[in-house]
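Engineer: Sending over a structure as structure tokens; questions will come in a sec.
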Amino acid sequence: MDLAGIAETVFKAVEETVGGRMCVNTLSHLFNFTEDAQTMVRLILGLRNNARKNGLTALFVMDEGAQERVVEENVKSICDYVLTTCIKNNERRIRISKAATKHGLEWHRGSF
């Protein structure tokens, strides 16, 4: 399937759904369908806008370092919240890197 077919399928599914959640895991795989990263960024923006219009909460998962830094920053700018995860000293950690509200930047241990 090509990127246009994937986009059409996802947009149709979102339009048929009112309320709820949508998860794209992972955006990094979608970048394999085009060499033009800006096309992908526009697609992600369209998915986010379409989800909002239909009352959906959209969760986009992206592997850090899989794309050029400028592309990652463009994707992050589209999102209201950005969560960063890591494993340090054999512990899983998470932090809020970006949010619409005030927040700390400390890492939290978890069992996610």
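Bear in mind these aren't lab numbers, they're just calculated from the coordinates by the rules spelled out. All values derive from a computational prediction rather than experimental measurement. Every residue, glycine as well, gets a Cβ built from its backbone with ideal geometry; the counts of neighbours run over all protein chains shown.
Engineer: Normalised by the number of residues in the chain, what is the relative contact order in percent for Cα pairs under 8 Å and 6+ residues apart?
Structural biologist: It rounds to 22 percent for the chain.
Engineer: Let me ask you something else. Would you mind putting 64-72, 37-45 in packing order, based on average other-beta-carbon counts within 10 Å, highest first?
Structural biologist: In descending order of packing, they fall as 37-45, 64-72.
Engineer: Can you give me the C-alpha center-to-center distance between region 78-112 and region 8-62, rounded to a whole angstrom?
Structural biologist: 22
Engineer: Quick one: dipole size for the chain, taken about the Cα centre, charges +1 on Lys/Arg Cβ and -1 on Asp/Glu Cβ, in debye to the nearest 20.
Structural biologist: Roughly 640 debye, rounded to the nearest 20.
Engineer: Something else about it: Rg(Cα) of region 3-79 divided by 2.2 N^0.38 Å?
Structural biologist: 1.05
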